[in-house]
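As structure tokens, the structure follows; a few thoughts come after it.
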Ligand SMILES: [Zn+2]
Ligand SMILES: [Zn+2]
């Protein structure tokens, strides 16, 4: 059987499952869960894989679910197809969880629909009779780097080391036997077309900042206090002042939020907390920018005579997609959405932990449409379920065929050409080297 005949069979199998695939995407959309807490979503994935006869392992980095399917046409590389399980907190989102505020405003529900749909298509069409090597279907936790206080508490309790899903899975060795991987992210941006592949993504590091002043009666004795909120404001203003030193080509993004601004209005704030990322195109640019950001935060403490504690956490590495894999994806997209709807996307200034995987193996992180509104905002919504849920299921399955048919020629070519910049050990060493805590006393 030729590759294109096999793809056709798998597409037909996926079309027969289309209703079920859409319903999985919708069920997850209506039950959003935050990272490392995706319990219901993980259970749905596990049940769906189980019904396909795939043996699964669950609870990986807390909530990850992995199923392996071995090709019966010989040995070859292991290709992981990924789907992210998590949602994020977006104020005012109409389909947010009432308790947690979590909402699928990044479209990760579609990733899981596509992942399970690809598994259905490949299994139903008996594609593994014609594939070499192995496909890993991997539902991964916690791509959105938020809910940081809770995650830090889990880390202190020894339940996590890294606060993002893929870094934690890398640490635990769940990618040790994987040679190459991909996922497909939904996009609502009209300029991305119906499908496209970005050249690169920013990386980031993450900081939590705590200003410690002195509480006092805000009316009766403000002179007895040290106002941690004003110290924080000066720190934030100082960051804004150093922005003009960031070079355009480094695409630095610093976007702090105050997560605790005071205890009650008639008390001078003695404890104020901030979280921020420092994002950039290269590790060097991120490290240079974060040095300035730390200096700015110290300035706030110095001005008020407060203390500031700056905790720096490893974030996500800059991402580079594999050009050979992108070429295969483009060919598939010509058939699935038409070449006129395919875009070469340039550098993106968001960050993703696919960047971490891209440091140690060839990866692909394309986008497909089907949504409108603004990513991470209350108006983000799925408008074309066929394109959002079923399209990427076909695309993932087609990539599995491109990589692993004909004795896994495609995957062998990718692996032999790729030169990932880090080993898994050097990646872990580097990430660990970023973690530090500094206490600066301004008075
Ligand atoms: Zn997101
Ligand atoms: Zn996302």
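The values are calculated or read from the model by the stated rules, or taken from the named source; none is laboratory data. Keep in mind that what you see is a predicted model, and the values were worked out from it rather than measured. Neighbour counts run over all protein chains shown; Cβ positions are idealised from the backbone, glycine included.
Annotations for the structure displayed:
- Any chance residue 397 is within 22 Å of residue 329 (Cβ to Cβ), part of a helix (DSSP H, G or I) and touching a strand residue (DSSP E or B) at 6+ places or on another chain (Cβ under 9 Å): yes
Every residue, every condition in (1) in contact (Cβ under 8 Å) with a residue 60 or more places away in the chain; (2) surrounded by fewer than 24 Cβ atoms within 10 Å (Cβ to Cβ); (3) within 16 Å of ligand 2 (Cβ to nearest atom); (4) on the phi > 0 side of the Ramachandran plot, yes or no:
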site: 90; (1), (2), (3), (4): yes, yes, yes, no
site: 112; (1), (2), (3), (4): yes, no, yes, no
site: 118; (1), (2), (3), (4): yes, no, no, no
site: 123; (1), (2), (3), (4): yes, yes, no, no
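- For the stretch 291-310, filtering for residues that are in contact with a helix residue (DSSP H, G or I) (Cβ under 9 Å, 6 or more places away or on another chain), surrounded by fewer than 21 Cβ atoms within 10 Å (Cβ to Cβ) and not in a helix (DSSP H, G or I) leaves 2.
- A residue that is away from ligand 1 (no atom under 16 Å from the Cβ), over 25 Å from the mean Cα position of the chain (by Cα), buried (at least 19 other Cβ atoms within 10 Å of the Cβ) and in contact (Cβ under 8 Å) with a residue 24 or more places away in the chain occurs somewhere in the stretch 271-290.
- Any hit, the stretch 49-64, residues being crowded, with 24+ Cβ neighbours inside 10 Å and more than 19 Å from residue 167 (Cβ to Cβ): yes
- If the condition is being out of contact with any helix residue (DSSP H, G or I) (no Cβ under 8 Å at 6 or more places or on another chain) and assigned to a helix (DSSP H, G or I), then the stretch 14-70 contributes 19, 23, 39, 40, 42, 43, 46, 47, 50, 51.
- Selection within the stretch 332-355: residues that are in contact with a strand residue (DSSP E or B) (Cβ under 6 Å, 6 or more places away or on another chain) and part of a helix (DSSP H, G or I). The member of this set that is farthest from ligand 1 (Cβ to nearest atom) is 333.
- You will find that of 315, 346, 370, the residue that is modelled with pLDDT under 95 and under 21 Å from the mean Cα position of the chain (by Cα) is 346 and no other.
- Within the stretch 164-202, considering residues that are assigned to a loop (DSSP other than H, G, I, E, B) and within 16 Å of ligand 2 (Cβ to nearest atom), the one surrounded by the most Cβ atoms within 10 Å (Cβ to Cβ): 164
- Count of the stretch 134-150 residues which are more than 16 Å from ligand 2 (Cβ to nearest atom) and surrounded by fewer than 24 Cβ atoms within 10 Å (Cβ to Cβ): 5
- Out of 105, 67, sole residue that is crowded, with 24+ Cβ neighbours inside 10 Å and within 16 Å of ligand 2 (Cβ to nearest atom): 105
- Within the stretch 356-368, considering residues that are more than 16 Å from ligand 1 (Cβ to nearest atom) and assigned to a loop (DSSP other than H, G, I, E, B), the one surrounded by the most Cβ atoms within 10 Å (Cβ to Cβ): 362
Conditions (1) farther than 17 Å from residue 378 by Cα; (2) away from ligand 1 (no atom under 16 Å from the Cβ); (3) in contact with a helix residue (DSSP H, G or I) (Cβ under 9 Å, 6 or more places away or on another chain); (4) assigned to a loop (DSSP other than H, G, I, E, B), marked per residue:
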| residue | (1), (2), (3), (4) |
| --- | --- |
| 109 | no, no, yes, no |
| 132 | yes, yes, yes, yes |
| 135 | yes, yes, yes, no |
| 155 | yes, yes, no, no |
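- Residues in the stretch 204-222 include none that are in contact with a strand residue (DSSP E or B) (Cβ under 9 Å, 6 or more places away or on another chain), assigned to a helix (DSSP H, G or I) and within 16 Å of ligand 2 (Cβ to nearest atom).
- Restricting 411, 405 to those that are touching a strand residue (DSSP E or B) at 6+ places or on another chain (Cβ under 8 Å) and modelled with pLDDT of 95 or more reduces the list to 411.
- Residues (outside any loop (DSSP other than H, G, I, E, B), within 23 Å of residue 254 (Cβ to Cβ) and more than 16 Å from ligand 1 (Cβ to nearest atom)) located in the stretch 311-331: 311, 312, 313, 314, 320
- The stretch 234-265, residues that are under 23 Å from residue 442 (Cα atoms), assigned to a loop (DSSP other than H, G, I, E, B) and over 23 Å from the mean Cα position of the chain (by Cα): 261, 262, 263
- For residue 328, the requirement of being out of contact with any strand residue (DSSP E or B) (no Cβ under 8 Å at 6 or more places or on another chain), surrounded by 19 or more Cβ atoms within 10 Å (Cβ to Cβ) and either modelled with pLDDT of 95 or more or closer than 23 Å to residue 242 by Cβ (or both) is met.
- Residues of the stretch 21-39 that turn out to be more than 19 Å from the chain's Cα centre (by Cα) and over 18 Å from residue 81 (Cβ atoms), as a count: 5
- Selection status of residue 376, surrounded by fewer than 24 Cβ atoms within 10 Å (Cβ to Cβ), away from ligand 2 (no atom under 15 Å from the Cβ) and farther than 20 Å from residue 194 by Cβ: no
- Any hit, the stretch 407-421, residues being within 21 Å of the chain's Cα centre (by Cα) and either touching a residue at least 24 places away in the same chain (Cβ under 8 Å) or within 30 Å of residue 314 (Cα to Cα) (or both): yes
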